[in-house]
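Below is one structure, written out as structure tokens; comments come after it.
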Amino acid sequence: MAIELTWLGHATWLIDVKSTRVGNHRLLLDPFLDDSPTAPIKSDAVQADFILISHGHFDHVADAAKIAKRTGAMVISNYEICEWLAKQGVEKTHPHNLGGGSNQPFGRVQLTLAHHSSMLPDGSNGGSASGFLLTIEGKKLYFACDTAMFYDMKLIGEHGLDVAVLPIGDQFTMGPADSIRAIQLLAPARVVPSHYDTWPPIHQDAAAWSARVEGETDAEPCVVAPGGKITI
Ligand code: NI
Ligand code: MN
């Protein structure tokens, strides 16, 4: 079994599961490709079986409908975002709310708390912003998605995380300093930065962040450039 994470820039991740037991599955998180200055591919080049959407902001939902319609992928998100995408012709959606999870062909997905807003690009109510906890053949992957740091991350960490993907961009999410505290609470084996360097306001020094992770936490920092991969 192998799980490969590919950073497609900004907060977009491809989670490629190859398993003799649960099969092969491609999960796409928060697709923002066509208008992202750092995306290594365009939306028409990406394949997905499942699309996970954390909240309604344009830099997370922008390409969701077109990719879902082209690939037939099932969208996993909150109820409001699933309804919004269904109105645009997306046929397969699986709505949740915070704390709720479901068993899927690849494993289990649970929507976790996130402290963030979620209005959709046309002003529709995008429900509550979430993160995702994925359990795939015993591996635990936590995507905080857009959020402030919060103390209950300690409870998420009690699952025993193989990897945590955290925003470090600041301004719209937690920044590098709060991410260090978040890593201490989550105690993941590995930690991956996200939601930075897309535009000047969220530029960050990933090497400096990485050095702080090594000095102040027990997690292994994994920094990749857009298009780069991490194997779990
Ligand atoms: Ni956002
Ligand atoms: Mn965002």
Tensor-based shape of the chain (alpha-carbon gyration tensor, a/c under 1.5 rounded, otherwise prolate or oblate): rounded
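Are there any trypsin sites (Lys or Arg not before Pro) in segment 10-64 that are in a DSSP loop and have at most 12 other Cβ atoms within 10 Å? List them by number.
Arg21, Lys42
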Set of lysines with alpha-carbon distance to Lys87 below 27 Å, sequence-local pairs under 8 removed: Lys42, Lys66, Lys69
Residue-wise HN-Hα coupling along segment 89-95, computed from phi with Karplus coefficients 6.51, -1.76, 1.60 (Hz; x: Gly, Pro): x, 6, 7, 10, 9, 10, x
Per residue value of the accessible surface for segment 2-231 (all protein chains in place, 1.4 Å probe), Å²: 40 Å²
Top of Pro121, Pro188, Pro167 by mean-square fluctuation, Gaussian network on the chain, Cα under 10 Å: Pro121
Rounded to the nearest 10 Å², the accessible area of His55 at probe 1.4 Å: 0 Å²
Between segment 1-21 and segment 189-232, the alpha-carbon center distance in angstrom: 17 Å
Proximal lysines to Lys154, defined as alpha-carbon separation beneath 30 angstrom and excluding residues fewer than eight positions away on the same chain: Lys18, Lys139, Lys140, Lys229
For the chain: relative contact order, % (alpha-carbon pairs under 8 angstrom, 6 or more apart): 17 percent
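To check you understand DSSP bridge types, tell me what percent of the beta bridges within the chain (both residues inside) are antiparallel, rounded to 5.
Looking only at bridges with both residues in the chain, the antiparallel portion is about 60 percent.
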Fraction of accessible area attributable to carbon and sulfur, the chain (%, probe 1.4 Å): 50 percent
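The values are calculated or read from the model by the stated rules, or taken from the named source; none is laboratory data. This is a predicted model, so every value here is computed, not measured. Positions of Cβ are generated from backbone atoms using ideal geometry, with glycine treated the same way; all protein chains shown enter the neighbour counts. Heads up: the accessible areas ignore ligands, DNA and RNA and are worked out on the full protein's heavy atoms, side chains in. Shrake-Rupley method; radii C 1.70, N 1.55, O 1.52, S 1.80 Å.
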